[in-house]
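The next block holds one structure in the form of structure tokens; read it before the comments.
The values are calculated or read from the model by the stated rules, or taken from the named source; none is laboratory data. The shown structure was predicted, so the numbers you read here are calculated from the model rather than taken from an experiment. Glycine gets a Cβ as well: all are built from the backbone with ideal geometry, and neighbour counts include every protein chain shown. Please note that ligands, DNA and RNA were not included when accessible areas were found on the heavy atoms of the full protein model with its side chains. Shrake-Rupley method; radii C 1.70, N 1.55, O 1.52, S 1.80 Å.
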Amino acid sequence: MAIVPFDDRDGVIWYDGKTVPWRDAKVHVLSHGLHYASCVFEGERVYERRIFRHKEHIARLFRSAEILGFAVPYGQAELEGVCEDVVKAHNIVNGYVRPFAWRGSEMMAVSAQATKIHVAVAAWEWPSYFTPEARMRGLRLATAPYARPSPATAPVHAKAAGLYMICTLSKHAVEARGYDDALMLDYRGRIAESTGANIFLVQNGELHAPEADCFLNGITRQTVMELARRRGIKVVERAIMPEELAKTDEVFLTGTAAEVTPVQSIDDYKFTVGAVTRGLAEDYDREVRAHAKASAA
Ligand code: PMP
């Protein structure tokens, strides 16, 4: 399949308060956000024309900016409306929304106090890549070469561009060995998450999740925990060391893009795509569609 680059598409992008043609939404090469990673972003999913968990994502964007020491120069409700308008402008039925904010070009050094804060929103059609059957075969993971940093080393709760450096490097390292994604441990050697999604383990019918104390407590993660509780499944958040994978029955990832995706193996540990994963994947599917119906009503 030919790649359509993201800077060469039809449509519009909302950029600093204006709607501009997609190909004209450019930044100068000397931008603080590019050189020093002073950039925060969100990834949202559109189901049946509605943005799922929209308020939570926009609230997280504002929090991420605040953690990085800058304020998004718009109101939260205003930016929510902008995202909805961009989705409408493209007539997106099932897709993805990317709101983001970054520091501009007024200063090109570590200190960036006087930089202008820029904001943009893009959206594109993005139906599910895999058929449900293909996705349910499960991903093959290998341990990442990089660990998630401690909260004393990086602003771990921000969805910030800089934190993705180790994710891209880790993902590339395992892809080169034929794996789908990398399992990142944290600075203490505990299981943390994958390079762009949270992780859950199923042990004896219970759902175990690493405590989200040094990585994003994903919006999908929180939704899936709620769905599990509704099913009467016990949910436990705790420190999990990789050796525990030997006594783990099922593993799956959660994220806005990943939704609920089973994992069939991590290094030499093998798992089944079992009843808990299947049940929660179905529940999640129902949840996003029910949300779309409810907000259309
Ligand atoms: N961790 C990382 C590193 C991510 O990029 C994402 C995707 N935003 C997640 C976890 C899951 O977060 P969410 O469920 O809010 O999409």
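Take the convex hull of the alpha carbons in the stretch 241-297; its mean projected area over all directions comes to 4.6 nm².
Tell me the Kirkwood radius of the stretch 152-240: reciprocal of the mean inverse pair distance over distinct alpha-carbon atoms, in Å. Intermediate values should be presented prior to the final figure.
Values: mean 1/r = 0.0710 Å⁻¹.
One decimal place: 14.1 Å for the Kirkwood radius.
Identify the GluC sites (Glu not before Pro) of the stretch 102-199 meeting these criteria: DSSP loop state and at most 14 other C-beta atoms within 10 Å of the C-beta.
GLU106
A DSSP coil position with no more than 15 other Cβ atoms inside 10 Å describes the following trypsin sites (Lys or Arg not before Pro) in the stretch 1-102: ARG9, LYS26. Modelled label positions at ALA152 and ILE67, each set 7 Å beyond Cα in the direction of Cβ, lie 1.8 nm from each other.
Here the label points at LYS293 and ARG230, each 7 Å from Cα along the C-beta direction, are separated by 1.2 nm in the simple model.
Lysine pair count for the chain (Cα-Cα distance under 21 Å; residues 8 or more apart in sequence or on different chains): 13.
The chymotrypsin sites (Phe, Trp or Tyr not before Pro) of the stretch 4-87 meeting both criteria, a DSSP state outside H, G, I, E and B (loop) and at most 16 other C-beta atoms within 10 angstrom of the site's C-beta, are PHE6.
In this simple spin-label model, placing a label point 7 Å from the Cα along the Cα-to-Cβ direction at both ASP10 and VAL93 gives a separation of 1.7 nm.
How far, in nm, would the chain grow between ASP285 and PHE41 when pulled straight, counting 0.36 nm per residue and subtracting the alpha carbon separation? Intermediate values should be presented prior to the final figure.
Working: separation 244, 0.36 × 244 = 87.84 nm, distance 2.44 nm.
In short, 85.4 nm is gained.
Please give the contour-minus-distance gain from ALA59 to THR131: 0.36 nm per residue of separation, less the Cα-Cα distance, rounded to one decimal in nm.
Details: separation 72, 0.36 × 72 = 25.92 nm, distance 3.16 nm.
Length gained between ALA59 and THR131: 22.8 nm.
Over the chain, Cα pairs under 8 Å with separation of 6+ residues give a relative contact order of 17 percent.
A Förster radius of 25 Å combined with the Cβ-Cβ distance from ASP85 to ARG278 puts the calculated FRET efficiency at roughly 0.10. Placing a label point 7 Å from the Cα of GLU106 along the Cα-to-Cβ direction, the residues of the stretch 28-46 with a backbone N closer than 13 Å are 32. Restricting the calculation to Cα atoms, every distinct pair contributes to the Kirkwood radius of the stretch 12-125, found to be 14.4 Å.
Be a star and scan the stretch 240-261 for residues whose amide nitrogen sits under 19 Å from the point 7 Å along the Cα-to-Cβ vector of ASN217. Only 240, 254-256 fall inside the zone, counting backbone N under 19 Å. The stretch 1-73 and the stretch 205-260 have Cα centres separated by 28 Å. Computed in the context of the full set of protein chains, the accessible area of the chain at 1.4 Å probe radius has 54% of its extent on carbon or sulfur. Only Cα sites of the chain enter the Debye sum here, all with the same form factor; the resulting log10 I(q)/I(0) across q = 0.07, 0.10, 0.13 1/Å is -0.27, -0.57, -0.98, listed in q order. The residues of the chain have, on average, 48 Å² of accessible surface per residue, using a 1.4 Å probe with all protein chains present.
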